[in-house]
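Computed from the coordinates by the stated procedures, all read-outs in this text should not be read as laboratory data. Everything numeric in this text was worked out from a predicted model, so none of it was measured. So basically every Cβ, Gly included, is an ideal-geometry build from the backbone, and we count neighbours across all protein chains shown.
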Amino acid sequence: MTYTQTLTALQTRYPNGAPAGIPLEDLAQLKTQNTYATHLDIAKAMATVMRADMARYDMNTGEFTQSLGCWSGFHAQQMMRAIKRQKGTLDKAYVYLSGWMVAGLRNRFGHLPDQSMHEKTSVVDLIQEIYVSLRQADEVDLNDLFAELKTTEDRDATLAKIDSFESYVRPIIADIDAGFGNVHATYLLAKEMIKAGACCIQIENQVSDAKQCGHQDGKVTVPREDFIEKLRAVRMAFEELGVDDGVIVARTDSLGAGLTQKIPVSREAGDMAAEYTKWLETSPVSDLNQLANGDIAIQLDGELRKPVRLPNGLYKFQENTGEERVIEDCISSLNDGGADLLWIETATPNVAQIANMVRRIREKAPHAKLTYNNSPSFNWTLNLRKQVREDWIASGKITAGDYPDNTQLMSAAYDEDALGVEADARLKAFQTDIAREAGVFHNLITLPTFHGTAKVMNDLSEGYYGEDKMLAYVKNIQREEIRQNVSAVKHQHEVGSNLGDTFKEMTGGDRALKAGGAHNTMNQFENAA
């Protein structure tokens, strides 16, 4: 309800005024600033937003969505503030919650790799924290508008801004890794994530107890039946909690995964288990004496064969079959597992490669859409410059000797070179291209706030502990905050100091001891931007 509607409802409820003489306008303000009653309400509302965005993308691939991975509520809040300040709306802007960053930055065991080594509750806690921060941004901005309402001569204009206020709350795509255990554990954790506000859960087809980062070696996938059971578990969690529009992202790591933990049982030729098992690396068994003690053999296409098994008991897939397995994974996840979006983890950012896989997936699942990881694990500069070099060689524009084919291509000497300029142009267009050509509905960067925080602290520390001292902070941070109108420059206001003052006035009137008086140093920034 809008503020105007809320105030009218309160006047109906309390025709003689609220108990304790509380002004109805104050109660209506508090109700308006409390933008969501519960975080489960957020999950329901944001799922509807995502579904609408997906439908819009189906009509026009230029309407793709984006997110940045955030490892704190404050990161998410500042991201949304920046977007709203620049664009005037948060349309198509999401938050990505990365399991990698939870493992690396948000667990009690220290900075750890992306191997499901953090507590399950860490993910739930971060979802909760992000939405607390985004809702507080709502409170802060609305409180400022209500303060304006008390002094403005054009009350109608300010009321219109209050009633049309766009919340900072946006959809979160939350990483549940491989489900943190068996199918029941996945279901229980999914419920807690949804109750914390997640409208979209991303789950991958790796083995829970051997889970690896998608851009490291040693990845082990599970049979498709196992993965479908976990997709069902997440869907059941959404349905149980009444989030009917809940979105599931099914991620496949098969492109870079050469191992599986178990061989599924095939019940008939060509079934799901058989389609998975056919990719195993095997050798023919013509004589049972070829089997050593403890060896196993399986029947494949009428022939007895021995799967290649490593000392740790894992089975190998045939070389160069990752792309075929990815395509089959995706079709199965959509058609059998009821997933809504796909995630194909790739080793390099190559639009043509992904587009080719999506084209083949859509032959069996026409509605296929992707979430794509624009990962910091890629050396984007080197990858795109190599792609330009290869294209130019193929077209005859240059010869192989004109540019190096190694890390020297990273050199700053190529920043202003024609090849570097072309690579940067492709970088700028990459998300638009992949949305149009490869069915990517959502573009995300998993770890930008990890790297951004590291870069800011590196630069500040070098300057502050070096020659520049205070100039390093003022020139590179505070001065830029002021000039770009970053609201956090008024840090007391950003964390709710004015909210406290307003509430004290509501309860105590003239007796309120406020922080925002003449001696508040935040006044230095009042007219600076």
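How much length is gained if the chain between Leu460 and Thr507 is pulled fully straight, taking 0.36 nm per residue apart and subtracting their Cα-Cα distance, in nm to one decimal?
Gain on stretching Leu460 to Thr507: 12.6 nm.
Taking Cα centroids, how far is the stretch 286-335 from the stretch 400-450 in Å?
37
Calculate for the chain the 222 nm mean residue ellipticity that helices alone would give, adding -39,500 (n - 2.57) per DSSP H run of length 4 or more and normalising by residue count, nearest 500 deg cm²/dmol.
The helix contribution divided over the chain gives -14500 deg cm²/dmol.
If we sort 462-472, 340-350, 13-23 on the protection proxy, mean other Cβ atoms within 10 Å, highest first, what's the order? Please list the in-between numbers first.
Values: 462-472: 12.5, 340-350: 21.4, 13-23: 9.5.
The packing order, highest mean first, is 340-350, 462-472, 13-23.
What does a probe at Arg305 reach in the stretch 312-338, counting residues whose amide N is under 15 Å from the point 7 Å along Cα→Cβ?
315-322, 325
If each of Gln353 and Glu166 carries a label point 7 Å out from its Cα toward its Cβ, how far apart are those two points in nm?
In this crude spin-label approximation the distance works out to 3.6 nm.
Sequence gap at least 6, Cα distance under 8 Å: using those rules, report the relative contact order of the stretch 65-217 to the nearest whole percent.
Normalised by residue count, the contact order of the stretch 65-217 is 26 percent.
Quote the relative contact order of the chain in percent (integer), defining contacts as alpha-carbon pairs under 8 Å separated by 6+ residues.
On the way: 844 pairs, mean separation 78.1, N = 529.
15 percent.
Could you grab the Rg to Rh ratio for the stretch 44-98? Cα atoms only, Kirkwood for Rh.
Result: Rg/Rh = 0.99.
In nm, what is the difference between 0.36 nm times the number of residues separating Thr121 and Asn406 and their Cα-Cα distance?
This chain segment gains 98.3 nm when fully extended.
Across 10 Å bins from the origin, how do the percents of Cα pairs in the chain run, short distances first?
For the chain, the pair-distance distribution reads 3, 15, 23, 23, 18, 10, 5, 2, 1, 0.
Under 18 Å between alpha carbons, and skipping anything fewer than 8 positions from Lys504 in its own chain: which lysines qualify?
The qualifying lysines are Lys31, Lys150, Lys514.
Once label points are set 7 Å from the Cα along Cα→Cβ at both Ser286 and Asp391, what is their separation, rounded to one decimal in nm?
Simple spin-label model gives 5.1 nm for this pair.
What is the gain in length, in nm to one decimal, between Ile398 and Asp271 on full extension, counting 0.36 nm per residue of separation less the C-alpha to C-alpha distance?
40.7 nm
May I ask what percent, to the nearest 5, of DSSP beta bridges between residues of the chain are antiparallel?
Working: 11 of 42 bridges.
Taking every DSSP beta bridge with both residues in the chain, the antiparallel ones total about 25 percent.
Tell me, what is the percent relative contact order of the stretch 193-332, built from C-alpha pairs under 8 Å that lie six or more residues apart? Show your work: numbers first, answer last.
Values: 207 pairs, mean separation 35.3, N = 140.
Relative contact order of the stretch 193-332: 25 percent.
Going by average Cβ neighbours within 10 Å, how do the peptides 179-188, 401-410, 133-142, 269-278 rank, with the highest at the top?
So the order, starting with the most tightly packed, is 133-142, 179-188, 269-278, 401-410.
Using a simple spin-label model with points 7 Å from Cα along the Cα→Cβ vector, what separation in nm is obtained for Val421 and Ile477?
3.7
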